[in-house]
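Below is one structure, written out as structure tokens; the observations come after it.
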Amino acid sequence: MCSVGRSVVITDCALVSAFSPLSLFAMLLALSRVAAAARRLPRLLHTSVPLRERATRRSQLLAKELTKAGSISELVRMHADYRAGIGHVHMPTLWHKLSVLSRRSEERLWLKTHTPQLASLCDHTVELLPKIDMSGLASTTNSLALTGLSGPPAAAMWAAVDAEVQATLGECGANELSRVAWAYAIARRRAPDLLDRLSAEAQLRLEEFSAQNLSDTAWAFAKVRHSAPALFEALSAEAEGRLAEFGARELSSTAWAFATARHPAPALFEALGAEAEGRLAEFNAQELANTAWAFARARHDAPALFDALGAEVRQRLAEARAMELHSKFSSEGLGSTAWAFATAQHAAPELFEALAAEAQARLNEFSAQGLANTAWAFATAQHPSPALFESLAVEAQGRAAEFTPQGLANTAVAFATAGHDAPTLFDAFGAEALRRVGEFNLQDLAGVTRAFRLAEHEAPELLEALRVEGERKRVP
């Protein structure tokens, strides 16, 4: 008798000799993997658990085992080992674990370079999707979105998810509707028919929605840029009377969503402003910046809120400075806060002074768009900050190629309007604009022309090129 491991026995050694060494090795390897997988699960057959309960216990133990995977590659191997025992109840757990692991940078890199290895898992999920309940389907869809998985395996799975969600929307609870909408927004998946149906279904059920459900649904439709005016109208009416239930995240996110969707909701914004004003201490740095941005973008006049926002932001920046630390505001948050106060035309010289000091020390963190927005905001607010503009010029001139045509135009106009002399920056921007003049629209062409003339910066070749391009674009 020939034995393999502990649990696999081959009773005829003559049969073994009939295989080639290569095929025998492959067979032994497969058998050893099955045996190893079996050993990893407790052997319940030798316990006192009643026979009728053993299937349930094994299913629970398998789900627990899947959560122990330390990497995506290990999880993929476990799926291959346990595939025969993995059922529809395990898929939400498996995909949740995959999404958690994919948060780590090294795992996300592995995912990008080993996508084909997930084909079997995706195919198996598609096979089991019709058996997964609505809560599990929403969870799986969320996890798929968070992994950022792409390529043929993901495309096939998304197509199956689309069909399954469409077929079961009527069975969704409020939480599932909100989570599905959120997942499609995170994945930036265009599914107009599905989103139209989801919008119609949600409108019938808004009274069942929690504050988070209301906020997340508004955020999702704004993020995915799906037009849903009837839904936003219904969300506005429902949310307006329930803002006391909203946390800081929901208040900020709701304001952001309506501003981004450009859906006019003056009564809602009035209520949001009143609710947020006394609770800004609960907001984190990003929520403060997003709220300021949303009210400015929506063009909703809220002087009391902006006074309170300015005081809160100044306090946070001062506390960080006292501890010799960078504040918790991101570079984008600093730029958007300055942009919001300038756009709202809300005078806040002490805030701009604090923002200038914080931004100046961190300009290398700013995107080209962030640099342009910051320069525009300080120029528009007419807040003199020569040290900041000097640092902005140095940072921007070495990164001119990163700016969009609009960014080049707006930054040049900002420096010229502020009266800050920056010849090296204008040389760099002029060379970049000349190289890409065909990309500029009429407004940006006019902006660059105006900036160079206002700054009295000599650039005859550029100005001629801008004139010729402007004439060419005006010809019908």
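All of the numbers you see were taken from the coordinates with simple rules; none came from a lab. These figures come from a predicted structure and were not determined experimentally. Methodologically, a virtual Cβ is constructed for each residue, glycine included, from the backbone with ideal geometry; neighbour enumeration extends over all protein chains shown.
At an R0 of 60 angstrom, the distance between the Cβ atoms of Glu282 and Glu471 translates into a FRET efficiency of 0.60. Rounded to the nearest 10 degrees, the inclination of helix 119-128 to the longest alpha-carbon principal axis of the chain is 80 degrees.
Angle between the Cα long axis of helix 460-474 and the longest principal axis of the chain, 0 to 90 degrees, nearest 10? Value to nearest ten degrees: 70.
Cross-link reach is defined here as a Cα-Cα straight distance under 23 Å, omitting same-chain residues fewer than 8 places apart; for Lys68 the lysines meeting it are Lys97, Lys112. The Glu270 and Thr404 beta-carbon pair, evaluated with R₀ = 45 Å, returns a calculated FRET efficiency of approximately 0.85. The calculated 222 nm mean residue ellipticity attributable to helices in the chain amounts to -21500 deg cm²/dmol, summing -39500 (n - 2.57) over DSSP H runs of n ≥ 4 and dividing by all residues.
Of the three principal axes defined by the Cα atoms of the chain, the extents in descending order read 96, 58, 56 Å. The calculated FRET efficiency for the pair Lys64 and Arg299, based on their C-beta separation and a Förster distance of 51 Å, comes to about 0.45.
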